[in-house]
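The values are calculated or read from the model by the stated rules, or taken from the named source; none is laboratory data. On a predicted model such as this, the values are computed, not experimentally measured, just so you know. Quick reminder, even Gly has a Cβ in these numbers, built from the backbone with ideal geometry, and neighbours come from all protein chains shown. Accessible surface areas use protein heavy atoms only, side chains included; no ligands, DNA or RNA. Shrake-Rupley method; radii C 1.70, N 1.55, O 1.52, S 1.80 Å.
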Amino acid sequence: MELHEFITDTARGAGEIILSHYGQINTQRAKEGRGDIVTEVDIESESYILSRIKEYFPDHSIVSEEAGKAGTPETGYTWYIDPLDGTRNYALGIPFFCVSIALAKDGIAEYGVIFDPLHNELFYAAKGQGAMMNNRPVRVSGETDLEDSVISISWLRSRTAYSKFASYIERISSNTSYFRRLGSAALISAYVAAGRIDAYMQGAINPWDIAAGTLLVKEAGGIVTDFAGRPIDLRKSYIDILAATPIIHEKIMLKVLEIKN
């Protein structure tokens, strides 16, 4: 089985599991803190994905949201898995969630898929081959003006200082008030790649949340860095990410983060 077929089929299989339980959640429990939850569907979807990877790629390392790390993700090929990104949305019946799977080498994503089973939208990218949505090429938006930009900004209260992000919002607000906080980092990244959202900023995000999304945005013509303008390294425990159209990325770096590229 070719890798493209494997990763897309696996994402669709996990999506079928998620969709079959939608609106029927029986159990959920807290993880790291209040508001951070896991359901039985997260576990079932993850088990399915892990079993397929271990069958077809037993020598690869894995970093997964619920199961943690397996192997040596610091070097070589590593899978980054979020079996249900947007769990809180899912549990509440909010129709914005997805499956995210990426294969990286030495911390850089080379293959990625994000599947929204509710809307049957599958976003796929391979390094150097462009980005697709349901087998159609996608590109980041052509927006160049912050005043017309739709920007998703988010942070994790337990890991980042609110004052810092409040200052970012204040600076952006002088140019635009078109903010979105949608609750699924992976799907937001896919929307940036598809030109539906112009920029996405998040502090201290987990690598599995944005592994596939970083590749999608880059292959769709966007720019993805941390807040210092450095390339994303998925081997880090937590990552600050700015993913945007090229010109909007530059303007946010200069006007919001006050960093020159």
Contour minus Cα-Cα distance for Asn135 and Ser167 (0.36 nm per residue): 7.5 nm
Linear extension gain, Ile108 paired with Tyr238, 0.36 nm per residue minus alpha-carbon span: 45.3 nm
Highest-first arrangement of 206-213, 112-119, 236-243, where packing means the average Cβ count within 10 Å: 206-213, 112-119, 236-243
Peptides ranked, highest mean first, by Cβ atoms within 10 Å: ranges 136-142, 38-44, 215-221: 215-221, 38-44, 136-142
Per-peptide average of other Cβ atoms within 10 Å, ordering 53-61, 197-205, 8-16 highest first: 197-205, 8-16, 53-61
Quotient of Cα Rg and 2.2 N^0.38 Å for the stretch 147-259, N being how many residues it contains: 0.94
Using alpha carbons only: equivalent-ellipsoid semi-axes of the stretch 69-204, gyration tensor based, whole Å: 25, 19, 17
For the chain, size of Cβ-based charge dipole, Lys and Arg +1, Asp and Glu -1, in debye: 660 debye
Net dipole in debye of the stretch 131-261 [+1 Lys, Arg Cβ; -1 Asp, Glu Cβ; about Cα centre; nearest 20]: 320 debye
Which of Asn206, Thr8, Tyr178, positive extreme of dipole for the chain (C-beta unit charges): Tyr178
Segment Ser51-Glu2, extension gain: residue separation times 0.36 nm, minus the distance between their alpha carbons: 15.9 nm
Value at 222 nm in deg cm²/dmol, rounded to 500, when DSSP H runs of n ≥ 4 in the chain each add -39,500 (n - 2.57): -9500 deg cm²/dmol
For the stretch 41-116 versus the stretch 192-231, the gap between their alpha-carbon centres in whole angstrom: 17 Å
Residues Leu254 and Glu40, FRET efficiency given R0 of 41 Å [Cβ-Cβ distance, rounded to 0.05]: 0.35
Residues of the stretch 59-125: accessible area per residue with a 1.4 Å probe, Å²: 33 Å²
Spin-label model distance (nm) - Glu74 vs Asp145, 7 Å beyond Cα toward Cβ: 5.0 nm
Using alpha carbons only: equivalent-ellipsoid semi-axes of the chain, gyration tensor based, whole Å: 28, 20, 18
Nonlocal amide H pairs with Ser141, under 5 Å, H built at 1.01 Å: Gly195
Among the listed pairs Lys105/Lys251; Lys105/Lys218; Lys69/Lys127; Lys127/Lys164; Lys218/Lys255; Lys105/Lys164, those beyond 26 Å (Cα-Cα): Lys105/Lys251; Lys127/Lys164; Lys105/Lys164
